[in-house]
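Here is the structure we will look at.
The values are calculated or read from the model by the stated rules, or taken from the named source; none is laboratory data. Bear in mind that the values here come from a model prediction, so they are computed numbers and not experimental data. Backbone-built Cβ (ideal geometry, glycine too); neighbour counts: all protein chains shown. These accessible areas exclude ligands, DNA and RNA; they are computed on the full protein's heavy atoms, side chains included. Shrake-Rupley method; radii C 1.70, N 1.55, O 1.52, S 1.80 Å.
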Amino acid sequence: MIRTDPRTPDLFITPVDEVFIRNHLGPHPRLDPETWSLTVEGLVERPLRLDFPAIQGLPQVHFTAVHECFGNPLRPHVPTRAVTNLEWAGIPLAAVLELAGLRPQAQHVWLEGADSGDFAGESGLNYLKDLPLDQASADVVLAHTMNGEPLRPDHGYPLRAVAPRMFGTNSVKWLSRIVLAADRPDHLFTTRLYTRVLPGESQARPVREKDVSSKLLTPDDGRPIPAGSRELAGYAWSSTEVTSVEIAVDDADWQPAVLDRRGPDLAWQRFRLRYDLAPGPHRIRCRATDSAGRVQPLTGDRNAVHEIHVVAETGMRPAER
Ligand code: MTE
């Protein structure tokens, strides 16, 4: 089930009410933390079954990170721009792996959710993703809190994985089982969907690290605004730090925007540019570049340059910005 996006507001932290919900296999499972448990099995020295208090007893971490949906896996190149920036709390996956003890053959971490259902013509599926062990142990957090409140049922209550450098599809909700394995699992959501061929490559790879991307949030797309000096602003993000954002109004040249540094967390970065908008209709575009040298394409891919259309009017009361 894919729900439509609410508009992401122009706030640094996205309110929980505005966060998109992507449940591929139907309504969320109803899990009771009194009976729920997380098992850790496969290539481990000590298979584990952890209940919720045991999880809460482990060392906690707090961080802010962009949470972005890759888009519809059946149409991997179509932009959806469903993106939020959230505060998470939970325990590092590495702490659980340490408790279980890894066998030397363990190379991949499989993360399984408690939901099941049908998708893309396949029935009786569960939700399963996998990550390379080194990336998963370095980055993945098992989160129980979103923006300071317990996860809501649709967002994975009581526990979900958060892979902050990666697209949301890797952040498995209603986490119920972790398997350490020597190989990747063959599954609809691991090897058959959520794969893509990146520009300049010939082999498909799994959808993991976020693309470089940016989104204009001010002014409001499609809304009239007063003509004159206006702030054009939004957020940029990537799996690495974004190093520049440029803005183009109509057919004018790209102009560098002022861009905030990213800081220690994997949060998004605000950009802004003051611009004198003449009366009339305008097309405004933004384009980000990241520290890996990746630049948003003008067209043709899911992270293509974002554009908005506004009409600047004379005689309108100036907005606060
Ligand atoms: N985990 C489970 N168990 N089932 C799902 O359908 N959807 C994934 C991911 N984790 C999904 C899941 C996708 S495609 C995305 S984009 C994010 O969860 C969305 O998380 P949210 O609904 O909390 O925003």
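Expressed in nm to one decimal, what extension gain is obtained for the pair D265 and H309 from 0.36 nm per residue of sequence separation less their Cα-Cα distance? The partial results should precede the final answer.
Numbers: separation 44, 0.36 × 44 = 15.84 nm, distance 3.20 nm.
Going from the current span to full extension adds 12.6 nm.
What does the charge count around R192 come to, taking other residues whose C-beta lies under 14 Å from its C-beta (Lys +1, Arg +1, Asp -1, Glu -1)? Intermediate values should be presented prior to the final figure.
Values: positive: K129, R184, R196, R205; negative: E122, D130, D186.
Surrounding charge for R192 is +1.
If you bin every alpha carbon distance in region 7-62 into 5 Å steps from zero, what whole percent lands in each bin?
It works out to 4, 12, 12, 14, 18, 19, 11, 7, 3, 0, in whole percents.
Name the residues of region 280-315 whose amide N is less than 14 Å from a point 7 angstrom out from the Cα of D251 along the C-beta direction?
What the label zone holds, given the 14 Å backbone N cut-off, is 283.
With every protein chain kept in place and ligands, DNA and RNA left out, what is the accessible area per residue of the chain? Probe 1.4 Å, answer in Å². Write down the numbers at each step before the final one.
On the way: 14270 Å² over 321 residues.
Roughly 44 Å² per residue, with all protein chains present.
If I take R0 = 45 Å and measure r between the Cβ atoms of R283 and D183 in this structure, what FRET efficiency does the formula 1/(1 + (r/R0)^6) give, to the nearest 0.05? Before the final figure, lay out the partial values.
Numbers: r = 48 Å, r/R0 = 1.07.
Computed FRET efficiency for R283 and D183 comes out at 0.40.
Given +1 on the Cβ of Lys and Arg, -1 on the Cβ of Asp and Glu, and no further charges, what dipole in debye does region 167-274 carry about its Cα centre, rounded to the nearest 20? Write down the numbers at each step before the final one.
Values: 16 positive and 15 negative charges, 105 e Å.
Here region 167-274 has a charge dipole of around 500 debye.
Calculate how large, on average over all directions, the projected area of the Cα convex hull of region 235-301 is; give the answer in nm² to one decimal.
Taking the Cα atoms of region 235-301, their convex hull projects to 5.2 nm² on average.
Normalise the Cα radius of gyration of region 53-110 by 2.2 N^0.38 Å (N = residues in it) and let me know the number.
Numbers: Rg = 16.5 Å, N = 58, 2.2 N^0.38 = 10.3 Å.
Ratio of Cα Rg to 2.2 N^0.38 Å: 1.60.
Once you keep just the Cα pairs under 8 angstrom separated by 6 or more residues, what percentage relative contact order results for the chain?
On the way: 768 pairs, mean separation 53.2, N = 321.
Dividing the mean separation by the residue count of the chain yields 17 percent.
So what's the projected area for region 266-321, the Cα convex hull averaged over all directions, in nm²?
Values: hull surface 23.0 nm².
Computing the convex hull of the Cα atoms and averaging its projections yields 5.7 nm².
Summarise the accessible area of the chain (1.4 Å probe, protein heavy atoms) by the percent that is carbon and sulfur.
Working: 7300 of 14270 Å².
Answer for the chain is 51 percent, counting heavy atoms of protein chains only.
Over the Cα atoms, compute the radius of gyration (one decimal) and Dmax (the largest Cα-Cα distance, rounded to a whole number) for region 173-321, in Å.
19.4, 67
Which order do the peptides 166-172, 241-247, 281-287 take when ranked by the mean count of other beta-carbon atoms within 10 Å per residue, highest first?
Numbers: 166-172: 24.9, 241-247: 21.0, 281-287: 19.4.
Those peptides, ordered most packed to least, come out 166-172, 241-247, 281-287.
So if I place +1 on the C-beta of Lys and Arg and -1 on the C-beta of Asp and Glu, and nothing else carries charge, what would the dipole magnitude of the chain be about its Cα centre? I want it in debye, nearest 20.
Values: 36 positive and 42 negative charges, 48 e Å.
Rounded to the nearest 20 debye, it is 220 debye.
Under a GNM of the chain (C-alpha, springs under 10 Å), which listed residue has the highest mean-square fluctuation: A278, A252, A181?
Comparing A278, A252, A181 in the GNM, the peak value goes to A252.
Taking 0.36 nm per residue of separation and subtracting the Cα-Cα distance, what length does fully extending T299 through T195 add?
35.4 nm is the gain from fully extending T299 to T195.
Given a Förster distance of 45 Å, report the FRET efficiency between Q135 and D51 from their Cβ-Cβ distance, rounded to the nearest 0.05. Numbers along the way, then the final one.
Numbers: r = 27 Å, r/R0 = 0.61.
The formula returns an efficiency of 0.95 here.
Just to check I understand the Karplus step: with θ = phi - 60° and J = 6.51 cos²θ - 1.76 cosθ + 1.60, what whole-Hz values come out for region 289-300, glycine and proline as x?
10, 10, 6, 8, x, 7, 10, 4, x, 5, 8, x
Could you give me the percent of Cα pairs per 5 Å distance bin for region 113-213, shortest bin first, beginning at zero and ending with the bin that holds the maximum distance?
2, 11, 20, 23, 21, 14, 6, 2, 0
Treating the beta-carbon of each Lys and Arg as +1 and of each Asp and Glu as -1, no other charges, what is the dipole magnitude of region 1-116 about its Cα centre, to the nearest 20 debye? Walk me through the numbers before you get to the answer.
Working: 9 positive and 14 negative charges, 73 e Å.
For region 1-116, the charge dipole is close to 340 debye.
Assuming 0.36 nm per residue, please report the length gained on full extension of the stretch S202 to L74 beyond their Cα-Cα distance. Present the calculation step by step, with values, prior to reporting the outcome.
Numbers: separation 128, 0.36 × 128 = 46.08 nm, distance 1.92 nm.
Here the segment from S202 to L74 would lengthen by 44.2 nm.
Along its three principal axes, how long is region 1-143 when you only count alpha carbons? Whole Å, largest extent first please.
45, 38, 32
Straight distance only, please: which aspartates and glutamates reach the Cα of K210 with their own Cα at less than 15 Å, same-chain residues fewer than 8 apart left out?
E68, D139, E241, D265, D290, D301
At a temperature of 37 °C and a viscosity of 0.692 mPa s, determine how fast the chain diffuses translationally according to Stokes-Einstein, using the Kirkwood radius over alpha-carbon pairs as Rh; express D in µm²/s, rounded to the nearest whole number. Don't skip to the end; give the middle numbers.
Working: Rh = 20.9 Å.
Estimated diffusion coefficient is 157 µm²/s.
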